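Only one structure is covered here, and it is reproduced in the block below.
The values are calculated or read from the model by the stated rules, or taken from the named source; none is laboratory data. Given the structure is predicted, the values throughout are model-derived calculations rather than measurements. Glycine gets a Cβ as well: all are built from the backbone with ideal geometry, and neighbour counts include every protein chain shown.
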Amino acid sequence: MARVKRGVAAKKRRKKFFQRAEGYYSSGSRCYIHVREKTDRGLQFAYRDRKVRKREFRALWIQRINAAARLNGTTYSKLMNAIAKSGLELDRKVLADIAVQDAAAFASIVSQVGARA
């Protein structure tokens, strides 16, 4: 029975980790044990932060809508309530974009739904 040499498979397996760890500081990119720890942790952060990014963008859109709403004499809460009641289907992302790009269009939306303080 011939013996099995596993060097190629082991090198291939380690190479994936080293490629992921390119640019990491010090032994974080050179020592396999540290590389494995750092890349595992990095993947955990990446997974978590894909969800955090969604939260942060929603918060940003709300801040932008609120700022534009206050310039038009109402608040975010009253505006969103009026939009929901009017049946106008604009999500926060689109509404925030309109508020930043076209103030006149945003003002017309506010007057159309009748959201006044």
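Some points to look at:
- Filtering segment 95-117 to residues that are within 24 Å of LYS54 (Cα to Cα) and either among the β-branched types (Val, Ile, Thr) or touching a residue at least 12 places away in the same chain (Cβ under 8 Å) (or both) leaves LEU95, ALA96, ILE98, ALA99, VAL100, PHE106.
- GLY73 meets the conditions (1) part of a helix (DSSP H, G or I); (2) over 30 Å from LYS11 (Cα atoms) in every case but one. The failed one is (1).
- Residue list for segment 76-95, filter: under 16 Å from SER111 (Cβ atoms) and either of a type in the set (Ser, Thr, Tyr) or assigned to a helix (DSSP H, G or I) (or both): LYS78, LEU79, MET80, ASN81, ALA82, ILE83, LYS85, SER86, LEU95
- Residue in segment 22-74 that is nearest to VAL110 (Cα to Cα), counting only those that are polar (S, T, N, Q) and surrounded by fewer than 15 Cβ atoms within 10 Å (Cβ to Cβ): GLN63
- Set side by side, the residues ARG92, ARG48, ARG53 differ, and just one is within 16 Å of the chain's Cα centre (by Cα) and in contact (Cβ under 8 Å) with a residue 24 or more places away in the chain, which is ARG92.
- Where a residue in segment 1-17 is surrounded by 10 or more Cβ atoms within 10 Å (Cβ to Cβ) and its partner, wherever it lies, is modelled with pLDDT of 85 or more and not aliphatic (A, V, I, L, M), with Cβ under 6 Å and at least six apart: ARG14/TYR32; PHE17/ARG36; PHE17/THR39
- Pairs where the first residue, in segment 74-87, is under 17 Å from GLN63 (Cα atoms) and the second is of a type in the set (Lys, Arg) and part of a loop (DSSP other than H, G, I, E, B), C-beta under 7 Å, 6+ apart: THR74/ARG116
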